[in-house]
Amino acid sequence: MSIPDISRANSAELYEKAKTYFPGGVNSPVRAFKSVYGTPLFIEKGNGSHIWDADGNEFIDFCCSWGPLILGHANPNILEKVTEVMQKGMSFGAPTALENELAELILNNNRFIEKIRFTSSGTEAVMSAIRLARGYTKRDKILKFEGCYHGHSDSLLVKAGSGLVTFGETSSAGVPNAFANETIVVALDDTKALEGAFAEFKGEIAAVIIEPIPANNGLLLQSQEYLQYLRDICTQNGTMLIFDEVISGFRVGFEGAAGVYGIQPDIITYGKIIGGGLPVGAYGASAEVMDHISPVGSVYQAGTLSGNPVAMAAGIAQLSQLLKPGFYQELNDKTATFVNDILDFVNGKGYPVKLFNIGSIFWFAFTDQESISTAEQIDPNSMVKFKEMHRELLNRGVYMGPSGYEVGFISSAHTTADLETTKTAIFDSLDIVFK
Ligand code: PMP
C-alpha cells in the first residue's frame, strides 16, 4: 500500500541555502539525490544504526557514511577515545605515539603489508600508491578497470564508477589527455582484454589497480581464478598489483579482500573504516617497497594533517573492536540471513531482483541475470526501479545511499529488530515498485 511522502520542509530550506554556497548544494556529488526522488535529506544526528534528518524523520541507516561506520553511529568507545585525545590538542604536525599505536594494530594483524603511511582520504592514499608504483618501476602507464572507482585524482577519473556512473558520465572533464593517455582501461573479468593490454604496452605498465571487490558500480564480484590470473600476469610483466581496499579493507574481514582471496598484492590502499568515521586513508606494502617513500626514498608524499591524533584515536578505538573474536563472523552471518530472506521473498514473487553480497556489503540489482561481473552488464534503465524503491524505503524509515550503483552496508549496531523492520519495508516497497 502506498503511504504519504515524509516531510522534507526543513531539508528543502537548508538545501536552497546550500545551493547558493556550494556547487549543486553539496560538498560531494552523490549527496545531491540527483538520481533519486526529492530533496536531499540533511542529517542532524546518528546513533547506533539510526539517523535523524532535519525534519525529525528517523531512519535505519544502510549507507553508514558510505562504509566507514562498521560499528554504527556515535560508537561509545570511539567517542570516549576521541574526546580524551582532543582535550590534549587537535594537531601538531609532529609525530605522536597514537600513529604507532594504530600502525601496530594494523601491521600485527595483517599478513599482507609490512609498512604503512597514513593520509587523510582514500583519494590521497590511492594517488600516492600510484606514484609509488611509478617511482618504483620507473614506468608511467597504469591499468584500471571499467567501473572501478579509485577516488578523484586525475589519472583515475577515467571510466570510473561511483558519482560518475550515477550521473551517466564515466570520465571527468578537466583531466588532460596527456594524463588520460597514461591510463589503460579494460573490462573486469576479461582475461583476453588483459593479455591484449600487456602485449600492446609491453614493459610500460607500472601498476594494475583494482578494487578486488568492486563496489562502486554495483557489486561486481570477481572470481578467485580471475584475481589469481591478475596476480600472475602482473608478476610475469614486472607490473605492481595494487588492491584498492578503501571499501573492502577491514570490511569483509580485518585483512580485507587480500585475506579473503588469499592473494598478495604489491601495494594496498585503505580508507573509510580505518579512520573510525574521521578522515583517514592509508597505503601499505612490503618494507622494501615502502622505503621508496620520502624521506628515505625518492617518491614524495606528505600531508599537514596526515596521522592527525584525533583521527588516529578514532581509528584505534574502531579497529580494536573489530579484532574481538567472532566480530566478522557475527556481522557477516547477520548480513547473509538478511540477504537470503529478501532473496526468498523476491524469488517467491517472481520479481526480477537480485541481491549480491559479500561480508556485510550488499547490492540490489534490478535484473534477471544470475551474476553480474562487469559494468556493462548493468542496464542503466534498471535504475528507475531503484529510484522508486528508494523513495518508498525512505517513506518507511529506511535510508539507503541515494544511488542504485552504490552498495549498502550493515554495521554491528544493526539489531535483529532493525533488520526485521527493514525487510518488511523492503517487501512492501518492492510490492509497490512491481505492482
Ligand atoms: N577507492 C575506493 C575503492 C573508494 O570506494 C573510494 C571512495 N568511495 C575512494 C578510493 C576514494 O576515497 P575518498 O572518498 O575517501 O577520497
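In terms of modelled amide H atoms, which long-range or inter-chain residues lie less than 5 Å from the amide H of GLU44?
Those qualifying (amide H under 5 Å, at least 5 residues apart or on another chain) are TRP52, ASP53, ALA54.
Do any of LYS272/LYS385; LYS354/LYS387; LYS19/LYS81; LYS387/LYS435; LYS349/LYS385 go past 25 Å between their Cα atoms, and which?
LYS272/LYS385; LYS19/LYS81
Fewest to most neighbouring Cβ within 10 Å: what's the order for GLU288, GLU146, GLU330?
By the 10 Å Cβ count, ascending: GLU288, GLU330, GLU146.
³J(HN,Hα) across the range 201-213 via Karplus (A = 6.51, B = -1.76, C = 1.60, θ = phi - 60°), whole Hz, x for Gly/Pro?
10, 4, x, 10, 8, 5, 8, 9, 10, 9, 7, x, 10
What per residue convex hull volume, in Å³, do the alpha-carbon atoms of the range 301-435 yield? Please report the intermediate quantities before stating the final value.
Values: hull volume 22.2 nm³, N = 135.
Convex hull volume per residue, Cα atoms: 164 Å³.
DSSP beta bridges in the range 206-344, what fraction antiparallel, as a percent rounded to 5?
35
What's the magnitude of the charge dipole for the chain around its Cα centre, counting Lys and Arg as +1 and Asp and Glu as -1 at the beta-carbon? Answer in Debye, nearest 20.
About 600 debye.
Put +1 on the Cβ of every Lys and Arg and -1 on every Asp and Glu Cβ in the chain; which of MET86, VAL126, ILE213 then has its Cα farthest towards the positive end of the dipole?
The Cα lying farthest towards the positive end belongs to MET86.
What is the magnitude of the charge dipole of the range 76-322 about its Cα centre, with +1 placed on the Cβ of each Lys and Arg, -1 on the Cβ of each Asp and Glu, and no other charges, expressed in debye to the nearest 20?
Dipole magnitude for the range 76-322 comes out near 260 debye.
Please figure out what share of the DSSP beta bridges in the chain is antiparallel and state it in percent, rounded to the nearest 5. Mind showing how you got there, number by number?
Numbers: 24 of 41 bridges.
Taking every DSSP beta bridge within the chain, about 60 percent pair in antiparallel fashion.
Could you list the trypsin sites (Lys or Arg not before Pro) in the range 60-166 that lie in coil according to DSSP, counting only those with at most 13 other Cβ atoms within 10 Å of their Cβ?
Counting only loop positions with at most 13 other Cβ atoms within 10 Å, the trypsin sites (Lys or Arg not before Pro) in the range 60-166 are LYS88, ARG111, LYS138.
Quick one: go through the range 21-36 and flag any residue whose amide nitrogen is under 20 Å from the point 7 Å out along the Cα-to-Cβ line of SER2.
36
If neighbour count is taken as other Cβ atoms inside 10 Å, put ILE263, ILE70, ILE342 in order from fewest to most.
ILE263, ILE342, ILE70
What residue among THR191, THR183, THR166 has the largest mean-square fluctuation in a Gaussian network model of the chain, using Cα springs under 10 Å?
Ranking THR191, THR183, THR166 by mean-square fluctuation puts THR191 first.
Just add up the charged neighbours of ILE293: K/R +1, D/E -1, any other residue whose Cβ is under 11 Å from the Cβ of ILE293.
Local charge sum for ILE293: +2.
Can you compute 3J(HN,Hα) from phi for each residue in the range 218-232, using the Karplus curve 6.51 cos²θ - 1.76 cosθ + 1.60 with θ = phi - 60°, rounded to whole Hz and x for Gly and Pro?
Residue by residue, the range 218-232 yields x, 10, 9, 4, 9, 7, 4, 5, 5, 5, 5, 4, 4, 4, 5 Hz.
Need the full-extension length gain, GLU376 to GLU44, defined as separation in residues times 0.36 nm minus the C-alpha distance. One decimal, nm.
Answer, rounded to one decimal: 115.8 nm.
Once phi is turned into θ = phi - 60°, what whole-Hz ³J(HN,Hα) does the Karplus curve with 6.51, -1.76 and 1.60 give for every residue of the range 91-101, x standing for Gly and Pro?
6, 10, x, 9, x, 10, 5, 4, 5, 4, 4
Quick check on the exposure proxy: order MET240, MET290 from fewest to most C-beta atoms within 10 angstrom.
MET290, MET240
Once the dipole of the chain is set up with Lys and Arg at +1 and Asp and Glu at -1 on Cβ about the Cα centre, which of LEU71, MET312, GLY56 lies farthest towards its positive end?
Of LEU71, MET312, GLY56, it is MET312.
So what is the 222 nm mean residue ellipticity for the chain from helices alone, if each DSSP H run of at least 4 adds -39500 (n - 2.57) and you divide by all residues, rounding to the nearest 500 deg cm²/dmol?
The helix contribution divided over the chain gives -11500 deg cm²/dmol.
What fraction of the DSSP beta bridges in the range 76-322 is antiparallel, stated in percent and rounded to the nearest 5?
Values: 9 of 24 bridges.
Roughly 40 percent of the DSSP beta bridges within the range 76-322 come out antiparallel.
In nm, give the distance between the simple-model label positions of SER172 and LYS202, each being 7 Å from the Cα along the Cα-to-Cβ direction.
Reported label-point gap for SER172 and LYS202 is 3.5 nm.
Tell me, in nm to one decimal, what length is gained between THR416 and ALA302 on full extension, where the rule is 0.36 nm per residue of separation less the Cα-Cα distance?
This chain segment gains 36.7 nm when fully extended.
Could you please report the charge total around GLN236, scoring K, R as +1 and D, E as -1 over all other residues with beta-carbon less than 13 angstrom from its beta-carbon?
It works out to a net charge of 0.
Would you work out which of ILE274, ASN381, SER429 lies farthest towards the positive end of the dipole of the chain, given +1 charges on the beta-carbon of Lys and Arg and -1 on that of Asp and Glu, about the Cα centre?
Positive-end residue among those listed: ILE274.
Per 0.36 nm of contour for each residue apart, how much would the distance between GLN264 and LYS324 grow if the chain were fully extended, relative to their Cα-Cα spacing?
Working: separation 60, 0.36 × 60 = 21.60 nm, distance 2.43 nm.
Answer, rounded to one decimal: 19.2 nm.
We did not get these values from a lab; they are worked out from the coordinates using the rules stated. Here the structure is a predicted model, which means the values were calculated and not measured. Ideal geometry is used to build each Cβ from the backbone, glycine not excepted, and the neighbour counts take in all protein chains shown.
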